[in-house]
Amino acid sequence: MSLHLTMPTATTTAKMAAIITPPHTPPSKQAWYVVAAQKQADRDKILQRYAQWRIPPVPSSVLDVSPLLFHHLTPKERDIVNMDATDLVRSIKERIYSAVEVLTAFVKVTIAAQDTTNCVTEIFFEDGFARARQLDDHLIRTGNVVGPLHGLPVSIKDHILVNGFDTSTGYISWANERTATKDAVVVDILRKAGAVLYVKTANPQTLLCLETNNNIYGRTVNPFNRNLSPGGSSGGEGALIAARGSPMGVGTDIGGSIRVPAGFSGIYGLKASVARMPHAGLLGSHDGMDNIVGVVGPLAQSARDLELFSRVMLQYEAWTLEHAVLEIPWNEALAREGRGLPEKLCVAVLWDDHVVRPHPPIVKEMRRVANALKQAGHEVVDWQPLEHQQGWDLIAKLYLLDSGAEYHQTLAESGEPAVPGTSWILQQSPTTPLTIPDTWKLNLEREAFRARALRHWNETKLRTKSERPVDCILSPVHATLAVPHDGVRWWGYSSHWNILDLPGVVFPSGGRLRSEDWEGVGFEGGAPRNQVEAEVMEQWDPKTYQGAPISLQLVGRRHNEEKLLAMLRVVEDSVKNAA
């Protein structure tokens, strides 16, 4: 399967430019496909310096490439990449492995992952190795680590600023035009904590998409089934971490963009409430629009790695580096040990949002987890869904207050076409830009919606045996497992928690789907209730989702990230003990 654009000849370029380049594009601007070809060539030139670690071309008929990714690894390196970040920083501190050894192992897998899934954008391995050598020298010389992430390789989503590197953000017109002159706050803290940065990862055109595809680099695919998406917009992170080319990555989320890639890729991801984690230093459209705000967060190999990332961000007092961050120190005792949790949880289960019912494997896994919780003595009740369609209609307007005008303008600057995911989201926009008074009304609607949701949560005490509100909500991540390319039709299981600003954590649960186990299994509950549900139901075919990870989502109260991670530990322990 080719994941690269073919470099056009000079004659072809001239002919195509005459046809495609719009009249308003400055003459100095290259045709969009030439820019794309050059960016890909620049990336490939760097990869070729490590030609000995690349893998031979893989036929497009090979869908699951995960068995091929460790081809060049030694037994020690296989041990390294199979560790989570928490174990890695301990092993480096104890000098079981050096930072250079750790980075070498992950770079080898990153190269294989790029060759098979198209997941990375900017590559700076040499910078990473230089930093790893400095850290190793420091540890040998002083006996001390520089910080809690000493020597840990961390990958960064493309639109997050990394000083000295391009931030094209999936737009042709920004490619080679947006070199960062400073680090994002999250990157600054990672460096102070001793992390080793070495690669940036793919995000989609516009960022406002739950898949990852753009005209610069093309489509990113899922390492477990390349006919499926790793999600978006942090899909490069999802694919790379799932491939074990990175132990920890940084993504962003305004509608599911951390949680959906985590779910589709079978890894862990945390979306905190707004203003809990640092967010300054991102590049994207609609800068200055704060009617709905995204968050920065981690994707990783374990729940405790999510806690590690969050603890580090607040250990370095992010509120002193970014005025918008709330001064709420991290409660490590609660997050790591569960100190302060009720002895028995009360968990509500969102089986169906009353708009689009989840695919059968997701429902089955939620039942398995709910039964495990009951077996462990926790209370489980049904969550009554609250206005999910209205929530989507509202957040879609907040995303696109200008009716998509800025997106259209940025695409027009280069003449690049909209990729299918961009076309789909722009179809959700208002037909005309909203006026300033219109946006005020929407803000009032948003706040009223959040107030209703708070009352709705509090009123669950009327249905629990403990007579207290539920502690958390167990929910699908998405209505389907990892979607076939260009197949996203409903955001409601992820975006609903953004409009409410509630923290959500995604975790793998149920392994990867074996299509033969699902032959003949269909939906419960009768005919589709609307056109969107009909389209999503039509997508269900076990063969389509062969190898797709099965994941779930846990949702907590606003700014209660520590409690959420502690409850996730209880959920996972309950499932493990039941098994």
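The values are calculated or read from the model by the stated rules, or taken from the named source; none is laboratory data. Remember, it's a predicted structure, so these values are computed and weren't measured experimentally. A quick note on method: Cβ atoms are made from the backbone with ideal geometry, for glycine too, and the neighbour counts reach across all protein chains shown. When the accessible area is computed, the model is the full protein with side chains, heavy atoms only, and any ligands, DNA or RNA have been set aside. Shrake-Rupley method; radii C 1.70, N 1.55, O 1.52, S 1.80 Å.
With the structure loaded, tell me whether VAL89 is touching a residue at least 24 places away in the same chain (Cβ under 8 Å), open to solvent by less than 10 Å² (accessible area, probe 1.4 Å) and β-branched (Val, Ile, Thr) or whether it fails that test. In short, no.
Per the listing ALA324, ALA333, the residue uniquely outside any loop (DSSP other than H, G, I, E, B) and at pLDDT 95 or above is ALA333.
Assessment of the stretch 442-452 against the conditions (part of a helix (DSSP H, G or I), of a type in the set (Asp, Glu), in contact (Cβ under 8 Å) with a residue 12 or more places away in the chain and open to solvent by 20 Å² or more (accessible area, probe 1.4 Å)) yields at least one matching residue.
Across the stretch 330-359, the number of residues qualifying as in contact with a Pro (Cβ under 9 Å, 6 or more places away or on another chain) and farther than 18 Å from HIS378 by Cβ comes to 8. Scanning the stretch 373-396 for residues that are among the charged types (D, E, K, R) and either touching a Lys or Arg at 6+ places or on another chain (Cβ under 8 Å) or under 21 Å from LEU454 (Cα atoms) (or both) gives GLU379, ASP382, GLU387, ASP393. Among the residues of the stretch 502-538, just one is assigned to a loop (DSSP other than H, G, I, E, B), open to solvent by less than 30 Å² (accessible area, probe 1.4 Å) and not hydrophobic (A, V, I, L, M, F, W, C), namely PRO503. Working only within the stretch 167-179, note down all residues that are in contact with a strand residue (DSSP E or B) (Cβ under 9 Å, 6 or more places away or on another chain) and either among the β-branched types (Val, Ile, Thr) or in contact (Cβ under 8 Å) with a residue 60 or more places away in the chain (or both). THR167, SER168, THR169, TYR171, ILE172, TRP174, ALA175, ASN176, ARG178, THR179, listed by residue number. Just give me the residues in the stretch 383-429 being within 30 Å of ALA348 (Cα to Cα) and modelled with pLDDT under 95, in sequence order. None - no residue of the stretch 383-429 is within 30 Å of ALA348 (Cα to Cα) and modelled with pLDDT under 95, so the list stays empty.
For the residues THR432, THR410, the requirement of being open to solvent by 40 Å² or more (accessible area, probe 1.4 Å) and either assigned to a loop (DSSP other than H, G, I, E, B) or of a type in the set (Val, Ile, Thr) (or both) singles out THR432. With respect to being within 23 Å of GLY256 (Cβ to Cβ) and of a type in the set (S, T, N, Q), THR212 fits the description. With respect to ASP305, determine if the residue is of a type in the set (Asp, Glu), within 24 Å of the chain's Cα centre (by Cα) and surrounded by fewer than 24 Cβ atoms within 10 Å (Cβ to Cβ). So ASP305 does not fit the description; no.
Applying a threshold of 9 Å to beta carbon distances and a minimum spacing of six or more residues, or different chains, the list of pairs starting in the stretch 361-386 at a residue that is closer than 18 Å to TRP518 by Cβ and ending at one that is β-branched (Val, Ile, Thr) and open to solvent by 40 Å² or more (accessible area, probe 1.4 Å) reads PRO361/VAL521; LYS364/VAL521. Scanning the stretch 92-106 for residues that are free of Cβ contacts under 8 Å to residues at least 40 places away in the same chain, over 29 Å from SER233 (Cβ atoms) and of a type in the set (A, V, I, L, M) yields ILE96, VAL100.
Of the candidates VAL62, VAL109, VAL89, the single residue that is β-branched (Val, Ile, Thr), at pLDDT 95 or above and within 19 Å of GLY236 (Cβ to Cβ) is VAL109. Considering only the stretch 77-86, state which residues are polar (S, T, N, Q) and surrounded by 24 or more Cβ atoms within 10 Å (Cβ to Cβ). None; the set is empty.
Rundown of residues vs (1) among the β-branched types (Val, Ile, Thr); (2) out of contact with any helix residue (DSSP H, G or I) (no Cβ under 7 Å at 6 or more places or on another chain); (3) open to solvent by 30 Å² or more (accessible area, probe 1.4 Å), yes/no style:
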{"position": "VAL109", "(1), (2), (3)": "yes, no, no"}
{"position": "THR117", "(1), (2), (3)": "yes, no, no"}
{"position": "PHE124", "(1), (2), (3)": "no, yes, no"}
{"position": "ARG131", "(1), (2), (3)": "no, yes, yes"}
{"position": "THR142", "(1), (2), (3)": "yes, yes, yes"}
{"position": "HIS150", "(1), (2), (3)": "no, no, no"}
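Pairs meeting the criteria (first residue in the stretch 533-550 and free of Cβ contacts under 8 Å to residues at least 12 places away in the same chain, second residue surrounded by 14 or more Cβ atoms within 10 Å (Cβ to Cβ) and part of a loop (DSSP other than H, G, I, E, B), beta carbons under 9 Å, at least 6 apart or on different chains) are ALA534/PRO528; GLU538/PRO528. Of all the residues that make up the stretch 163-206, how many are assigned to a loop (DSSP other than H, G, I, E, B), open to solvent by less than 10 Å² (accessible area, probe 1.4 Å) and under 25 Å from THR116 (Cα atoms)? Number of matching residues: 11. Output the residues belonging to the stretch 453-468 that are touching a residue at least 60 places away in the same chain (Cβ under 8 Å) and not in a helix (DSSP H, G or I). Of everything in the stretch 453-468, those that are touching a residue at least 60 places away in the same chain (Cβ under 8 Å) and not in a helix (DSSP H, G or I) turn out to be ARG463, THR464, LYS465, SER466, ARG468.
Note on the stretch 22-133: enclosed helices (runs of 4 or more DSSP H) holding 3 or more residues that are over 23 Å from the mean Cα position of the chain (by Cα) and closer than 26 Å to TYR171 by Cβ are 32-48.
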